[in-house]
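Take a look at the structure set out below.
The values are calculated or read from the model by the stated rules, or taken from the named source; none is laboratory data. Remember, it's a predicted structure, so these values are computed and weren't measured experimentally. Here the Cβ positions follow ideal geometry from the backbone for every residue, glycine too, while neighbour counts run over all protein chains shown.
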Amino acid sequence: MTKCAKLWRMGRIGINWINVREFNPLGTVSTGEVDVVELSFAEVDFIALEEDILELCRIVRDDTGVGYTVHAPYQNSPVERLRVNLAERCSLKVVERALELAGRIGAEGVVVHAGDAVCRHALKNAVRNLRAIDRLAGEYGMYVAVENVFSEGVARRVGELPDELLRLCELACRWNLGANIDVGHAHISSVLHGVELESYFEVLGDRVMHLHLHNNHGTEGEPWDEHLPLTTGSIDYSRLGGCLRAETAVLEVKRGAPRDISLSLELLRRGGAGVRRIAV
């Protein structure tokens, strides 16, 4: 089924900021338990909160030494005024503001979505916009990781499937642009299009710079993109083995019991040893 080895090989372990106590009073994890915190500028009005974010990140970093990555706004960001579809001829002002703030907080990388293919030149537009983002991120000393996103409705997501994401990275990279494999999204796409989940890693190889790790039940029920802990859902992480190789792996859980989030982090720190799936 897969050529992967038994244990995961990840550099730094991270988590999204909604689960971090220093950023959210309801968070279950402290920055002392991770190497990296990923801040989503897609889910809050980061422009209105810019100075607050900057000050909080400075305090937390000074106290703990934690590193940062940033998720840039995308085409269906919850905050409507921040939405940007990189597969269209569009203004990059919002993304530029996100990169500027990411640079000010010392972020090491930025995750982006390539957008919805709503016009005939979607790939060409995405490549042009990603090249511009790559150049600007390079000025701040950051890498750019393009995320695979599953398709919903009429429009296909640019870079959804492994070969598509590889081609996008090859065309767009001018400095330090690669892939962020979102394993939860890849699982849904594998169900929709009949591809092997492992093929994302086999096709993209050393283009994989970043990982988003979470679980779901594929296309059973809604929402599909559940963002569950690793041991809850239909993705059997124990079978992915050494496929999970990247410099930075971020646990992107948005639902689930606190103990399950802590367990997922522990599994990542142990390199997958003893991981098991709990199908619910």
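Annotations for the structure displayed:
- Selection of region 40-62 for residues being of a type outside the set (A, V, I, L, M), touching a residue at least 24 places away in the same chain (Cβ under 8 Å) and not in a loop (DSSP other than H, G, I, E, B) yields Ser40, Glu50, Cys57, Arg58, Arg61.
- Residue satisfying all of: in region 1-60; small (Gly, Ala, Ser) and out of contact with any Gly (no Cβ under 9 Å at 6 or more places or on another chain); modelled with the lowest pLDDT among these: Gly11
- For region 58-84, the candidate set comprises residues that are hydrophobic (A, V, I, L, M, F, W, C) and out of contact with any Pro (no Cβ under 9 Å at 6 or more places or on another chain); within that set, the residue that is surrounded by the fewest Cβ atoms within 10 Å (Cβ to Cβ) is Ile59.
- Top-ranked residue of region 226-246 - restricted to ones that are surrounded by fewer than 17 Cβ atoms within 10 Å (Cβ to Cβ) and charged (D, E, K, R), ranked as modelled with the lowest pLDDT: Arg239
- Taking first residues from region 140-168 that are touching a residue at least 12 places away in the same chain (Cβ under 8 Å) and partners that are assigned to a strand (DSSP E or B) and among the polar types (S, T, N, Q), the Cβ contacts under 8 Å between residues at least 6 apart in sequence or on separate chains come to Ala145/Asn180; Val146/Asn180; Glu147/Asn180; Asn148/Asn180.
- Lone unmet requirement of (1) within 30 Å of Glu33 (Cα to Cα); (2) in contact (Cβ under 8 Å) with a residue 40 or more places away in the chain; (3) not in a strand (DSSP E or B) for Asp134: (1)
- Checking each residue in region 10-32 for being part of a strand (DSSP E or B), among the small types (Gly, Ala, Ser) and surrounded by fewer than 21 Cβ atoms within 10 Å (Cβ to Cβ) picks out only Gly11.
- Some residue of region 201-224 being part of a strand (DSSP E or B), polar (S, T, N, Q) and either under 23 Å from Val70 (Cα atoms) or touching a residue at least 12 places away in the same chain (Cβ under 8 Å) (or both): yes
- Scan of region 122-131 for residues that are more than 20 Å from the chain's Cα centre (by Cα) and in contact (Cβ under 8 Å) with a residue 12 or more places away in the chain, ordered by number: Ala122, Leu123, Asn125
- Residue among Val149, Val144 that is under 15 Å from the mean Cα position of the chain (by Cα), at negative phi and in a loop (DSSP other than H, G, I, E, B): Val149
- Looking only at region 267-280, and only at residues there that are of a type in the set (D, E, K, R) and surrounded by fewer than 15 Cβ atoms within 10 Å (Cβ to Cβ), the one that is modelled with the highest pLDDT: Arg269
Here is a yes/no grid of residues against (1) of a type in the set (A, V, I, L, M); (2) crowded, with 21+ Cβ neighbours inside 10 Å; (3) in a helix (DSSP H, G or I):
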{"residue": "Gly153", "(1), (2), (3)": "no, no, no"}
{"residue": "Glu164", "(1), (2), (3)": "no, no, yes"}
{"residue": "Leu171", "(1), (2), (3)": "yes, no, yes"}
{"residue": "Trp175", "(1), (2), (3)": "no, no, no"}
{"residue": "Ile181", "(1), (2), (3)": "yes, yes, no"}
{"residue": "Ala186", "(1), (2), (3)": "yes, yes, yes"}
{"residue": "Leu192", "(1), (2), (3)": "yes, no, yes"}
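- Of the residues making up region 225-246, those that are within 13 Å of Gly271 (Cα to Cα) and assigned to a strand (DSSP E or B) are Arg245, Ala246.
- Residue list for region 85-104, restricted to those being part of a loop (DSSP other than H, G, I, E, B), surrounded by fewer than 21 Cβ atoms within 10 Å (Cβ to Cβ) and touching a helix residue (DSSP H, G or I) at 6+ places or on another chain (Cβ under 8 Å): Glu88, Arg89, Cys90, Leu92
- Residue match in region 126-142 (condition: of a type in the set (Phe, Trp, Tyr) and surrounded by 21 or more Cβ atoms within 10 Å (Cβ to Cβ)): no
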